[in-house]
1. Can you tell me which condition D108 does not meet? The list is (1) surrounded by fewer than 16 Cβ atoms within 10 Å (Cβ to Cβ); (2) free of Cβ contacts under 8 Å to residues at least 40 places away in the same chain; (3) in contact with a strand residue (DSSP E or B) (Cβ under 7 Å, 6 or more places away or on another chain), and all the others hold.
2. Evaluate the following for D129: is it without any contact (Cβ under 8 Å) to a residue 24 or more places away in the chain and crowded, with 16+ Cβ neighbours inside 10 Å?
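Readers should treat all values here as calculations from the given coordinates under stated rules, not as data from a laboratory. Quick caveat, the model's predicted, so the values are computed rather than measured. Every residue, glycine among them, receives a Cβ derived from its backbone with ideal geometry; neighbour counts consider all protein chains shown.
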Amino acid sequence: MEKKRAYVKPSLESEAFVPNTYVAACGDSGTTYKFTCDAGGGKSGTVYLETNGRPGLQKNSDQYLSGYHACGTTHEADSDDPFLKGYYVTEEYVGFWPFGHYEEQITDVIVWRGPYGNNTHCTTNLDQDSWETAKS
């Protein structure tokens with residue numbers, strides 16, 4: 001006896017794709033911060049990174065980073081780049097020659113190490129939320 005097959009009409013079933021994780025589109029790396037490299041206004045000094053978790057510069061425990069001179073440029077940095085808390089230090093002569101003395105001037109800064117992580121740029125604008133931004 002021969003088995004007969006019943007005709008079944010072809011149908012297409014589909015599901016809606018609902019992503020559960022955000023994936024950036026190609027070339028979309030987030031936000032670009034714009035800030036001015038202005039610490040010291042042109043005076044040469046040194047930069048230390050805040051590394052011990054205590055406020056204020058402690059030269060014996062905060063990390064010396066580099067010499068520094070503000071370039072005055074407005075830099076564009078990716079929001080994924082590290083922005084580090086630091087201190088810009090200069091020495092100023094106080095008093096009248098020859099009876100004066102040198103005193104350290106310490107300024108809180110945010111440090112950006114440049115696009116390749118090998119350069120020092122500092123801003124005295126510590127309110128990162130106020131920096132101009134652009135979508136990259």
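1. (1)
2. Judged against the criteria, D129 is not a match.
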